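The values are calculated or read from the model by the stated rules, or taken from the named source; none is laboratory data. These numbers were taken from a predicted model, which means no experiment stands behind them. Here the Cβ positions follow ideal geometry from the backbone for every residue, glycine too, while neighbour counts run over all protein chains shown. These area figures cover heavy atoms from the full protein model, side chains too; ligands, DNA and RNA do not enter into them. Shrake-Rupley method; radii C 1.70, N 1.55, O 1.52, S 1.80 Å.
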Amino acid sequence: MNEAENMDINGTAPSRQEERTFTQAELNAIVADRLARERAKYADYDKLKDKAGKADALQQQLDTLEADTARRAMKKKVSGRNRCT
């Protein structure tokens with residue numbers, strides 16, 4: 001194949017990359033860096049988890065209060081109908 005037939009989409013000849021070998025120390029540094037970046041993404045996970053737990057507890061309290069309010073309103077409504085006038 002000639003180089004004109006071997007052009008990529010951009011119209012340039014494909015680059016040839018040399019294979020690179022890494023030492024164990026270089027590979028360890030690459031992996032450690034990647035793990036550090038990934039851990040940094042989730043650094044506030046425990047804080048957010050605590051907040052979500054508190055929000056769930058507050059929602060349960062609110063649901064209980066709403067149910068109690070609805071029950072009291074129904075009792076008031078029903079007790080008002082049973083009165084003789």
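Is it the case that segment 12-27 has a residue that's at pLDDT 95 or above, assigned to a helix (DSSP H, G or I) and surrounded by 10 or more Cβ atoms within 10 Å (Cβ to Cβ)? Yes; the residues of segment 12-27 include at least one that is at pLDDT 95 or above, assigned to a helix (DSSP H, G or I) and surrounded by 10 or more Cβ atoms within 10 Å (Cβ to Cβ). Residue count for segment 39-59 satisfying the condition of being open to solvent by less than 100 Å² (accessible area, probe 1.4 Å), at pLDDT below 95 and not aliphatic (A, V, I, L, M): 1. Scanning segment 45-85 for residues that are more than 35 Å from the chain's Cα centre (by Cα) and among the hydrophobic types (A, V, I, L, M, F, W, C) gives ALA70, ALA73, MET74, VAL78, CYS84.
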